[in-house]
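One structure is given here, and the rest of the page talks about it.
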């Protein structure tokens with residue numbers, strides 16, 4: 001199954017170029033031009049990874065991260081930041097972001113972060129499935145227990 005990625009950046013040319021590069025590598029990509037749009041999209045759809053710009057005019061990356069994690073806690077977020085906002089990216093890490101990269105970054109480095117974040121989400125989802133199966137099997141009303 002393709003990794004579902006949401007790119008959140010108010011710089012349209014950057015977001016579209018990154019979207020095209022990811023699509024060429026077989027990622028399922030959606031673009032959101034603002035934090036508000038990203039929060040709405042993540043509430044409605046399931047993404048594996050969000051690539052989130054820190055500096056945006058309507059809602060900054062930290063607030064967007066909080067909203068994403070509030071509705072979809074397993075969705076992993078890779079923050080993109082410029083030199084002046086490293087502290088903000090670190091704050092994002094404390095709030096649950098997977099990692100952050102400095103803009104501009106190499107494609108290989110970003111794709112590696114996306115793949116790592118997607119693998120982490122898949123691992124968490126598998127643990128949840130296993131816990132649910134254990135719960136069902138050990139339930140006193142389980143068909144397996146008679």
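Nothing in this text is a laboratory measurement; each read-out follows from the coordinates by a stated rule. Being a predicted model, the structure only gives us computed values, none of them experimental. Cβ sites come from the backbone with ideal geometry, for glycine too, and all protein chains shown count toward neighbours.
Note on the stretch 78-134: Kirkwood hydrodynamic radius from all Cα pairs is 12.7 Å, rounded to one decimal. The label-point distance for residue 43 and residue 95, in a model that sets each label 7 Å from Cα toward Cβ, rounds to 1.6 nm.
Counting only Cα atoms, the stretch 1-81 measures 30, 26, 19 Å along its principal axes, largest extent leading. Radius of gyration (Cα atoms) of the chain, expressed as a multiple of 2.2 N^0.38 Å: 1.18. The distance separating the Cα centre of the stretch 1-53 from that of the stretch 94-124 comes to 13 Å.
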